[in-house]
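The values are calculated or read from the model by the stated rules, or taken from the named source; none is laboratory data. Fair warning: this is a prediction, and the values are worked out from it, not measured in the lab. Here the Cβ is made from the backbone with ideal geometry for all residues, glycine too, and neighbour counts use every protein chain on show.
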Amino acid sequence: MAHPYILLVIAALARLLKRRRLFHYALMAALMLPLLYGFLPVSEAPLRYLENRYPVPQLADKRIDGIIILGGHTGSGLVSATRQQPQQASGADRLTTGLALFRQYPDVVLILSGRSGQLQPTGWNEAEISRKLTESLGVPQLNIIYEDVSRNTYQNAVQSLERAVPQPGSNWVLVTSAAHMPRAVGAFEAAGWQGIIPYPTDYKTTPTITGLYSLPGGIRATRNWLHEWVGNTVYWLTGRSSRLIP
């Protein structure tokens, strides 16, 4: 977590400058803050709010024209390339959920969107890993588009729109992690998408409070919601999201 590290730096500077009171306060806060993260009703609340924004939709009564799976589910491109085995990461539910939907609607277009979120990617990119995974699973390739340009969620939306060319009134299912879904919906709306049906997956929290204390769980939850809330804010301020919290 960033905050304890910053506080430790402040404590070190305070010690060098012989600011004893500031040193003690900063050091105590740096030691106590990670422990506070462990109180799950507090640390998980912002993440649970994001994950509960969009329920899993019922698609039985809807016409589906396409499915979009956002990247972020693949593992290391370098490890994948050097081991010659496509790797998956913690967001693998994005792919498995999306492919399960594609199995239900095999005649629609499936877009797997994403190249890499790394500044200097090495090895196989996300599109290459996704292609190798789907081929190894025997998924028919005829209706699949591998979008291999985008580096972030907004670019996912723009590049997918260019490839899909959705018709007015069409319905496209958007599959991504539940906590990431609000930012994804905002980005897709800002890019000009209409008829998006959010289909969240890869949940990290229960629908309601079920636990009281877990330091590892609280730290993971705090890291996740900080990433998404900061991302939502930056996207909104830069015009890449239609709303602050879609």
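Within the stretch 25-35, is even one residue of a type outside the set (Phe, Trp, Tyr) and either within 17 Å of the chain's Cα centre (by Cα) or under 22 Å from residue 155 (Cα atoms) (or both)? Give the steps one after another, and end with the answer.
Of the stretch 25-35, the ones of a type outside the set (Phe, Trp, Tyr) are 26-35.
After this cut, where a residue has to be either within 17 Å of the chain's Cα centre (by Cα) or under 22 Å from residue 155 (Cα atoms) (or both) as well, the list is none.
No, the stretch 25-35 contains no residue that is of a type outside the set (Phe, Trp, Tyr) and either within 17 Å of the chain's Cα centre (by Cα) or under 22 Å from residue 155 (Cα atoms) (or both).
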**Prompt:** Is at least one residue of the stretch 58-72 touching a Gly at 6+ places or on another chain (Cβ under 6 Å), assigned by TED's automatic domain parsing to the domain that holds residue 196 and within 18 Å of residue 224 (Cβ to Cβ)?
**Reply:** yes
**Item:** Residue among 139, 109 that alone is assigned by TED's automatic domain parsing to the domain that holds residue 180, in contact with a helix residue (DSSP H, G or I) (Cβ under 8 Å, 6 or more places away or on another chain), closer than 19 Å to residue 193 by Cβ and among the aliphatic types (A, V, I, L, M)
**Value:** 109
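Being touching a residue at least 24 places away in the same chain (Cβ under 8 Å) and in a loop (DSSP other than H, G, I, E, B) is the filter; apply it to the stretch 74-91 and report the residue that is nearest to residue 137 (Cα to Cα).
In the first step, residues of the stretch 74-91 are kept if they are touching a residue at least 24 places away in the same chain (Cβ under 8 Å); the result is 74-82, 86-88, 90-91.
With the extra rule that they be in a loop (DSSP other than H, G, I, E, B), the set shrinks to 75-76, 86-87, 90-91.
Working: 75: 17, 76: 20, 86: 12, 87: 14, 90: 19, 91: 18 Å.
My answer is 86.
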**residue 53 being assigned to a loop (DSSP other than H, G, I, E, B) and either on the phi > 0 side of the Ramachandran plot or in contact with a helix residue (DSSP H, G or I) (Cβ under 6 Å, 6 or more places away or on another chain) (or both)** = yes
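Given the residues 215, 174, which is the only one that is of a type in the set (A, V, I, L, M) and not assigned by TED's automatic domain parsing to the domain that holds residue 98? Before you say what the answer is, go through the steps one by one.
Details: 174 fails: not assigned by TED's automatic domain parsing to the domain that holds residue 98.
Of the residues listed, the single one that is of a type in the set (A, V, I, L, M) and not assigned by TED's automatic domain parsing to the domain that holds residue 98 is 215.
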**Prompt:** at pLDDT below 90 and surrounded by fewer than 18 Cβ atoms within 10 Å (Cβ to Cβ): does that describe residue 59?
**Reply:** no
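Hey, among the residues in the stretch 62-83 that are over 30 Å from residue 169 (Cα atoms) and surrounded by 14 or more Cβ atoms within 10 Å (Cβ to Cβ), which one's nearest to the chain's Cα centre (by Cα)? Walk me through how you get there before you give the answer.
Filtering the stretch 62-83 down to residues over 30 Å from residue 169 (Cα atoms) leaves 74-83.
Cutting the leftovers down to surrounded by 14 or more Cβ atoms within 10 Å (Cβ to Cβ) gives us 74-81.
Numbers: 74: 12, 75: 14, 76: 16, 77: 18, 78: 21, 79: 21, 80: 21, 81: 23 Å.
Ranking the candidates gives 74 first.
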**Message:** Which of the numbered conditions does residue 15 fail, given that it passes all the others? Conditions: (1) exposed (fewer than 15 other Cβ atoms within 10 Å of the Cβ); (2) charged (D, E, K, R); (3) part of a helix (DSSP H, G or I).
**Reply:** (1)
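Being aromatic (Phe, Trp, Tyr) and in contact with a Ser or Thr (Cβ under 8 Å, 6 or more places away or on another chain) is the filter here, so list the residues in the stretch 23-76 that pass it. Spell out how you get there, then give the answer.
If we filter the stretch 23-76 for residues that are aromatic (Phe, Trp, Tyr), which is where we start, we get 23, 25, 37, 39, 49, 54.
Within the stretch 23-76, just 37 meets the criteria.
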**Asked** In the stretch 225-238, which residues are more than 17 Å from residue 151 (Cα to Cα) and loosely packed, with under 14 Cβ neighbours inside 10 Å?
**Response** 230, 237
**Message:** For the stretch 157-172, give me each residue that is in contact with a helix residue (DSSP H, G or I) (Cβ under 7 Å, 6 or more places away or on another chain) and buried (at least 24 other Cβ atoms within 10 Å of the Cβ).
**Reply:** 157
